[in-house]
Every structure is written in structure tokens, then in C-alpha cells.
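The values are calculated or read from the model by the stated rules, or taken from the named source; none is laboratory data. It should be emphasised that the depicted structure is a prediction, and the values quoted were computed from it without experimental measurement. Virtual Cβ from ideal backbone geometry, glycine too; neighbours counted across all protein chains shown. Note: accessible area is taken over every heavy atom of the protein model, side chains too, but ligands, DNA and RNA are not part of it. Shrake-Rupley method; radii C 1.70, N 1.55, O 1.52, S 1.80 Å.
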Amino acid sequence: TSSPPPATPRHPRPRASGGGKALQIQNKGYVQLPSGIELLGPQPKEGTVEFMVRPDFNPQTLANTGSDKYACLFYLMETDGNGLPDGFDEIAVYIKNDQLRIHCGGMPAFAGGTPTPLSEGQWHRIALVWKPNDRRLYIDGKLLIHNTSAYAAPRLDAFKGTLGAHAPHHAFTFNGTFDNLKIWSRALQEAELQ
């Protein structure tokens with residue numbers, strides 16, 4: 001297991017909520033994380049990213065209205081990883097229109113999507129787990145995405161990650177409250193995610 005170094009909040013500063021430990025991100029705020037190579041190494045063949053999140057908006061409002069709408073929850077990528085919508089060498093959880101999606105890999109990075117189960121004002125536990133030929137997304141302990149196709153492990157470098165925004169340009173922000181971010185250098189077992 002590995003724990004990330006302390007995250008660096010970026011303006012506007014996230015506010016503590018409730019017991020003072022969760023981070024509420026609003027108004028295009030985000031948390032800058034350490035780089036992917038610091039968190040997981042240069043090419044993590046397996047790992048887990050898990051966190052708690054409470055949307056402070058109705059995710060259904062991102063439903064397709066003629067142009068794609070994004071809201072990023074967690075994003076790590078290599079410097080030249082290209083970003084959304086066709087990125088590579090990245091590890092990400094984000095919403096696109098009405099879908100909660102994951103990217104995890106070199107090429108292809110896209111690992112799947114599901115109708116977003118996130119609800120405004122409710123806490124949800126998200127866990128993205130990967131190992132060779134196995135990428136999974138758990139929400140509140142339930143397996144919602146399971147992709148067993150072959151893929152290359154993502155390459156990571158000194159590019160900084162983000163919580164609550166898209167790492168390359170800090171757009172596609174996610175207004176919500178985050179808590180208990182954990183980044184593991186191993187793929188957690190399903191029983192550990194219940």
C-alpha cells in the first residue's frame with residue numbers, strides 16, 4: 001500500500017465541511033495532487049484509487065444537450081497523454097453527459113461507462129481497480145464496470161494529477177465534496193471494497 005503525499009489545493013481554495021476533514025470543491029476549484037510517478041510509479045500494472053464523493057449538483061444536468069459535457073472526479077495522466085475525449089496513458093474517473101466513465105491504461109485507455117448512479121447530496125464510495133487484463137469500477141461496493149480486454153499499463157511521469165478537475169487544463173470541474181482519498185499500489189480484492 002501507498003498513501004499519497006499531501007494534496008495541494010488550488011484557488012479557489014476547497015473548504016472543509018462537516019467534521020472539518022472533507023474537501024468541498026466549488027466555483028472551478030480543484031485539488032492538485034502529486035504526480036502520477038510519485039503516486040504509483042512509471043507504469044503501474046495494478047492499483048486502486050478509492051474515495052468518497054458527494055455531488056453538490058444533480059449529475060443528470062450533464063445529460064447530452066447537443067454538445068458533450070464533462071465533470072472530472074479524479075485524473076492522472078502522462079504529460080503527452082492528450083486528455084479527454086481520446087486520451088491515453090491515464091487513470092481517470094469522470095462523467096460524460098449521463099455516463100460515469102473510467103479511463104485506465106495506455107492504449108486503449110477507455111475502459112467503460114455506465115449510467116451515472118451518483119445523486120446530488122448523497123455520499124458515494126468510488127473505487128477504480130486495475131490489474132493485467134482486468135479493469136473494474138465499484139460504486140458503493142457494487143461492481144458496475146468490468147472490462148477484461150487486453151490493454152497496456154498506463155505510463156505516468158511528473159505531470160500533476162487532480163481531484164475535481166481535468167488535469168491538463170483544470171476545466172471540467174466537479175462541484176462536490178471529497179473525502180478519504182486512498183491510492184494503492186495493488187488491486188484491492190472485492191471483499192476489501194464492500
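Annotations for the structure displayed:
- Whichever aspartates and glutamates have a C-alpha closer than 13 Å to that of Lys160, once near sequence neighbours (fewer than 8 apart) are set aside: Glu38, Glu78, Asp80, Glu90
- Cα gyration tensor category, rounded, prolate or oblate, for the range 19-84 with a/c compared to 1.5: oblate
- Eligible aspartates and glutamates near Lys182 by straight Cα distance, threshold 12 Å, same-chain separation 8 or greater: Glu50
- If the chain linking Lys21 and His146 were pulled fully straight, counting 0.36 nm for each residue of separation and taking away their Cα-Cα distance, it would gain 41.8 nm.
- One decimal place: the segment Thr114-Asn133 gains 4.9 nm when fully extended, by the rule 0.36 nm per residue minus the C-alpha distance.
- Most positive-pole-ward Cα, Met107, Val129, Asn58, against dipole of the range 36-194 from beta carbon charges: Val129
- Protein-only accessible surface order, largest first, of Lys131, Lys45 at 1.4 Å: Lys45, Lys131
- Cα shape, the chain, gyration tensor, a/c 1.5 rule: rounded
- Modelled FRET efficiency - R0 22 Å, Asp98 with Gln122, Cβ distances, 0.05 increments: 0.80
- Within straight-line reach of Lys69, meaning a Cα separation under 16 Å, sit the following aspartates and glutamates at least 8 residues removed in sequence or on another chain: Asp86, Asp98.
- Applying 0.36 nm per residue to the separation of Gln43 and Lys28 and subtracting their alpha-carbon distance, the gain on full extension is 2.4 nm.
- Considering only alpha-carbon pairs that sit under 8 angstrom and 6 or more positions apart, the relative contact order computed for the chain is 33 percent.
- Residue-averaged [θ]222 nm for the chain, counting only DSSP H segments that reach four residues, each worth -39500 (n - 2.57): -500 deg cm²/dmol
- The range 120-188 shape via C-alpha gyration tensor axes, a/c threshold 1.5: oblate
- For the range 74-79, 3J(HN,Hα) per residue [Karplus equation, 6.51 cos²θ - 1.76 cosθ + 1.60, θ = phi - 60°, Hz, x = Gly/Pro]: 9, 8, 10, 7, 6, 3
- The 3J(HN,Hα) values that the Karplus relation (6.51, -1.76, 1.60; θ = phi - 60°) gives for the range 26-35 are, in residue order, 9, 6, 6, x, 6, 10, 7, 9, x, 6 Hz. Gly and Pro appear as x.
- The range 23-55 residues near the modelled Met107 label - backbone nitrogen below 19 Å, point 7 Å along Cα→Cβ: 43-44
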